Amino acid sequence: MVNDPGDRVLEPYVETDNSVETRKAVSDGLLGIHNITSNRFWQFAALFGIMFIFGIVGFVWKLSSGFDDKSTWGYYVAVFAFLMTTSSAAPMVAIAPRIANSHWRRPISRAAEIWTLAGCLNLILYIPLIWLLPSLENGRRSLWFYGQQEGVPAYSPHIWATLAIVGLVLLGLSLLWLSTLPDFAVLRDQGEGWKKKWGGKLALGWRGTSAQWNWQHHRMGVVGAFYFMMLVFVHFFISVEFLMVHVPGWIDSLYPITHAHNALQAGVATVMLTMFFLRQFGGYKDYIGLDQFWGLGKLLLALSLLWFWFWFSSFNVFWYGGKPSEQAVLELFVKGPYLYLFITIFILVFILPWFTMIWNPVRRSVWGPAILATSVLIGTLLDRIRLYVASWDVAGRSMAKELEMKMQDVPTKIQTPGYEDIFIMVGFIAGSILIFMLATRLIPAVNLWEQKEMLLYKAEIQFHRTKVTVMGKPR
Amino acid sequence: MQEHTQLSHKQINEDLLKGVLTVPKWWLPAVSFLGLVVLTGLGAFFFMMYHGLGVTGLNRPVMWGVFIANFVFWIGISHAGIMISAILRLTQAEWRRPITRAAEVMTVFSLIAALHTPLMHVGRPWRVLYWIFPYDFSRGIWPNIRSPFVWDPSAVGTYLIASSLFVFVCLLPDIAILRDRAKKPIVKKIYAQMALGFRGTPRQWKLQILAGILLSALVLPVFVSVHSIVSWDFAVLIGVEGWHSTIFAPYFIIGAIHSGVSAVAMLMALSVWLYGLDKYIKPDHFDAIARLLIVVATTWFFFFFLEWVYALYTLAPPEIALRELQAFQWPYGPLFAIFIITSFVIPVPLWLFKRVRRSVVWMFWTTVLVNIGMWLERFLIVIPGLIRRTHMTFDWGTYHPSIVEILIVVETFAFVCLGMLLFAKVLPLVPLFDVKEGMVNRRLIKVGRRVIPATIREGLPHHYYEKKQ
């Protein structure tokens, strides 16, 4: 038995003047990129800003049209759900690998967390929806246990949904702030002008003591875990309150999971595309490598396969069961007027990622994952439109009190969007991107402290005739 | 792993082949006892074949009894191997190394146990031959390919073949070691045949690793399809309340992973106690599997919660009546309480404590509890669903498993244990090559005053890909 590890203990990381990768070099490099704001950045920001103004115009226009006809609100809810599916789910790409101690997530995590800021837009979009949710007085089904429905307030769904969505946004902001604390301290100490001022205020006296670091890791773990749980619950509420409750006969116990899973898939795609732009146009080429695209690509492949499994699990039970009300639900969402839209979604969200991401050369490229992420995001947007527009169209036919939908109740054609819907769709998606872009002016888009931490855990050694990378995994 | 003991290859060979090359004192009594139980179970089965299914408790309306519950349970346990071996292999989790083989082997034996339960359940198992050789076209006795009962054997059979192949491919280097160490010519010859000429050349290693990765990836869809299909045996029916639920496929799979991974933790504890493998299976391994179990169990509980919420959400009186029967009425109410308490309420909070996670004894008993609960879960899905009185049912509340059924169910447990013990007698239960590879790859890095575990990264280094770009 060889109890003494002997030469297997690698020496600690020591910075020398000759070191290529030093903590200072990482700080200087990332701050240097962070401090440069090109003209092209402002041009794009202005473009997204103008689009966002159109979105606000559409929003006001929509509000002025009133809440009486629910069938006209499908596209609006679809945009809300799309932003909930993408920007609110993106931080999971930072949380999950961080809990699993995966080093490849380090350059990714900050950008993923910044997307939580876009959740503030979701809150604005959510406000009118409170007036559109059916209350328990209308005879709608409740998630409360059947024996206790008598004593439940009529507006309890509104309260629960609001608490969940606000809670998710607040948790997201807390996570972003906690994760940025050490970087704010760097801005305070090394930044200039308004960044130095705001960095100082937001760093809250961060000095990097052992106790502060211990707390930092601990709190980020706890807040991350809560964020994940809250995300699942939010999708549970959204899938019930904004979808299932409007469609008589749609009792799909798997759907909340499917909705949350769609969010994870779209969240990964969002981060993938963000990484692509940061690498290609943001100057982060030295920090965002192929490892990141490879890691994200594997995640996207797994999630795309799961997409099919979840969809088929629901579809098969409904289709094979042959129950009339469930056949009507299938007619509404799959076989009826939305058939071609469904086929397009199926190709974009499942077929394309599956048949391409399965190949290592595609996953290990920059353009491959970026194109497929775009495919998944377009597919997800179309999927939100298919589901929400169809279900709100049915809700507009005042069938909420019925427990089962009949085939003749299924609409024969797709609702078309109004100008205000298009304005909202384009404007609020652009608004989310604008918020992300502006946030990167204060918050470094690639995590400084996680990159520097990486230097401590990584070593290159000679192994027989080749050089290999050794990665440390602290518990 | 923090508590690492660096061992030489010679030491690893001696430790891990001890169970194969020597006979522990407890081995023969244990094998004899288990063999007796298996024979008793088979005796009960032949008795049932001779007298017919009337000797069981099966009667209208409950025609699916403990046999089917047991079938679902063993299918669930079989998910452990792929979960532990394939998924952890693909995600390069280092802690998987000493436990993969036991998990894979348990998959194979539990699949055989699962397969023979429905075969006994049908009463006249020889008729399975008609599926392979239909003797009369005109009588239309071809198997109905639209039936889930055709999907089941196809899926489980595919899974059994794929898992066996997976076990065999991963065994090759270890069989080669046994071939080289065997003294008796006949034994040497058998191992030599099984090793397929494995000599450990670079090309053979490359092919073996590639085959392992490919099989891991290919077996994953089979793994998912098997329990999905088993769940659809129930879920596609609309006549039985409580079964027609879209969540059944993922719910069954996550439940299977819960019970399967728990069974692997039980096996780990037994390996430490029976074979003295504490140098290989350390508290860190128990800690890692317990963390995995916390995630799996919580996810499973969420799925269970959704299944119930949506059942009640229908507001359909039969559905509500079934749930009341399952949860509150005798004799299912107490079983339901035991199921919830043993599968979630006791183990998961206990696993939150590091001392419990790192204790072999605690992990063994908590995972035993999980499997008691998960067996009851399957029982509570199958029986109350069928037994409930409906307007077309003239006979209800009649099912009590007979002694014949109980003996056959016990036989399946003894069969799996016996299979594992016999396997461990001829082949190593811990993969030698995998453990050695882990030792070779392992390093430690000093960070400040701490020394943290490190591993050589599998695959090509980062800069290789960058250059190609």
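Would you check if there is a residue in segment B:261-272 being of a type in the set (Val, Ile, Thr), assigned to a helix (DSSP H, G or I) and in contact with a Phe, Trp or Tyr (Cβ under 8 Å, 6 or more places away or on another chain)? No: zero hits.
So is B:Val361 within 30 Å of A:Glu402 (Cα to Cα) and among the β-branched types (Val, Ile, Thr) or not? Judged against the criteria, B:Val361 is not a match.
Residues considered: A:Pro361, A:Pro353, A:Pro324. Of these, the only one that is surrounded by fewer than 16 Cβ atoms within 10 Å (Cβ to Cβ), under 30 Å from A:Asp291 (Cα atoms) and not aromatic (Phe, Trp, Tyr) is A:Pro361.
For every residue, the table says whether it meets (1) surrounded by fewer than 19 Cβ atoms within 10 Å (Cβ to Cβ); (2) under 14 Å from A:Ala81 (Cα atoms).
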| residue | (1), (2) |
| --- | --- |
| A:Leu348 | no, no |
| A:Met357 | no, no |
| A:Leu372 | no, no |
| A:Ser391 | no, yes |
| A:Met407 | yes, no |
| A:Val410 | no, no |
| A:Gly418 | yes, no |
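Among the numbered conditions (1) touching a Leu at 6+ places or on another chain (Cβ under 8 Å); (2) modelled with pLDDT of 90 or more; (3) within 12 Å of chain B (Cβ to nearest Cβ), the only one that A:Phe293 does not meet is (1). Within the option set B:Gly65, B:Gly54, being under 30 Å from B:Leu380 (Cβ atoms), at pLDDT below 95, away from every other protein chain (no Cβ under 14 Å) and in contact with a Phe, Trp or Tyr (Cβ under 9 Å, 6 or more places away or on another chain) holds for one residue only, B:Gly65. Residue check: B:Leu315 meets all listed conditions (1) in a loop (DSSP other than H, G, I, E, B); (2) within 14 Å of chain A (Cβ to nearest Cβ); (3) closer than 26 Å to B:Trp95 by Cβ but one, namely (3).
Every test in (1) within 30 Å of A:Lys70 (Cα to Cα); (2) assigned to a helix (DSSP H, G or I); (3) in contact with a Phe, Trp or Tyr (Cβ under 8 Å, 6 or more places away or on another chain) is passed by A:Leu231 save one, and that test is (3). Here A:Lys452 fulfils each of the conditions (1) in a loop (DSSP other than H, G, I, E, B); (2) more than 22 Å from A:Gly267 (Cα to Cα); (3) not polar (S, T, N, Q) apart from (1).
Would you point out which residue out of B:Val356, B:Val370 is within 27 Å of B:Trp232 (Cα to Cα) and touching a residue at least 12 places away in the same chain (Cβ under 8 Å)? Can you show your working first?
Numbers: B:Val356 fails: within 27 Å of B:Trp232 (Cα to Cα).
Every option except B:Val370 fails the conditions.
Checking A:Trp250 against (1) in a helix (DSSP H, G or I); (2) under 26 Å from B:Phe304 (Cβ atoms), which test does it fail? Of the numbered conditions (1) in a helix (DSSP H, G or I); (2) under 26 Å from B:Phe304 (Cβ atoms), the odd one out for A:Trp250 is (1).
With the requirement that a residue be over 27 Å from the mean Cα position of the chain (by Cα), in a helix (DSSP H, G or I), closer than 27 Å to B:His400 by Cβ and not aliphatic (A, V, I, L, M), what does segment B:9-54 give you? Within segment B:9-54, B:Phe47, B:Tyr50, B:His51, B:Gly54 qualify.
Selection of segment B:232-247 for residues being in a helix (DSSP H, G or I) and either more than 8 Å from chain A (Cβ to nearest Cβ) or in contact (Cβ under 8 Å) with a residue 24 or more places away in the chain (or both) yields B:Trp232, B:Asp233, B:Phe234.
Take B:Leu422 and tell me if it is aliphatic (A, V, I, L, M), more than 14 Å from chain A (Cβ to nearest Cβ) and buried (at least 18 other Cβ atoms within 10 Å of the Cβ). Walk me through how you get there before you give the answer.
Numbers: aliphatic (A, V, I, L, M): yes; more than 14 Å from chain A (Cβ to nearest Cβ): yes; buried (at least 18 other Cβ atoms within 10 Å of the Cβ): no.
Answer is no for this residue.
Residue check, A:Ser365 against (1) in a helix (DSSP H, G or I); (2) within 14 Å of another protein chain (Cβ to nearest Cβ), all met but one. Which one? Failed condition: (1).
Just to be sure before I move on: is B:Phe252 more than 8 Å from chain A (Cβ to nearest Cβ), modelled with pLDDT of 90 or more, in a helix (DSSP H, G or I) and closer than 19 Å to A:Tyr255 by Cα in the structure I sent?
yes
Yes/no matrix, rows are residues, columns are (1) modelled with pLDDT under 85; (2) surrounded by fewer than 15 Cβ atoms within 10 Å (Cβ to Cβ); (3) not charged (D, E, K, R):
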| site | (1), (2), (3) |
| --- | --- |
| A:Arg141 | yes, no, no |
| A:Ile159 | no, yes, yes |
| A:Thr180 | no, no, yes |
| A:Asp189 | no, yes, no |
| A:Lys195 | no, no, no |
| A:Gly199 | no, no, yes |
| A:Ala211 | no, yes, yes |
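When each of B:Val156, B:Val187 is tested for being touching a residue at least 12 places away in the same chain (Cβ under 8 Å) and part of a helix (DSSP H, G or I), the lone residue that passes is B:Val156. Taking the numbered list (1) closer than 27 Å to B:Phe353 by Cα; (2) surrounded by 22 or more Cβ atoms within 10 Å (Cβ to Cβ) in turn, B:Leu292 passes all entries but (2). In this structure, does B:Ile281 turn out to be more than 26 Å from B:Ile387 (Cα to Cα), out of contact with any strand residue (DSSP E or B) (no Cβ under 9 Å at 6 or more places or on another chain), of a type in the set (A, V, I, L, M, F, W, C) and not in a helix (DSSP H, G or I)? Against the criterion (more than 26 Å from B:Ile387 (Cα to Cα), out of contact with any strand residue (DSSP E or B) (no Cβ under 9 Å at 6 or more places or on another chain), of a type in the set (A, V, I, L, M, F, W, C) and not in a helix (DSSP H, G or I)), B:Ile281 qualifies.
From the list A:Ile435, A:Ile414, A:Ile461, pick out the single residue that is within 14 Å of chain B (Cβ to nearest Cβ), touching a Leu at 6+ places or on another chain (Cβ under 8 Å) and β-branched (Val, Ile, Thr).
Of the residues listed, the single one that is within 14 Å of chain B (Cβ to nearest Cβ), touching a Leu at 6+ places or on another chain (Cβ under 8 Å) and β-branched (Val, Ile, Thr) is A:Ile461.
Looking at A:Leu254, is it more than 30 Å from A:Pro444 (Cβ to Cβ), buried (at least 18 other Cβ atoms within 10 Å of the Cβ) and in contact (Cβ under 8 Å) with a residue 40 or more places away in the chain?
yes
Within segment A:253-270, being among the small types (Gly, Ala, Ser) and either away from chain B (no Cβ under 12 Å) or assigned to a helix (DSSP H, G or I) (or both) holds for A:Ala260, A:Ala263, A:Ala266, A:Gly267, A:Ala269.
For segment B:156-175, the condition of being under 18 Å from the mean Cα position of the chain (by Cα), within 11 Å of chain A (Cβ to nearest Cβ) and of a type in the set (A, V, I, L, M) holds for none of the residues.
Determine whether A:Ile433 is in a helix (DSSP H, G or I), over 28 Å from A:Ala203 (Cα atoms) and within 27 Å of the chain's Cα centre (by Cα). The answer is no for A:Ile433.
The values are calculated or read from the model by the stated rules, or taken from the named source; none is laboratory data. Bear in mind that the values here come from a model prediction, so they are computed numbers and not experimental data. Using ideal geometry, Cβ is built from the backbone for each residue, glycine included, and neighbour counts are taken over all protein chains shown.
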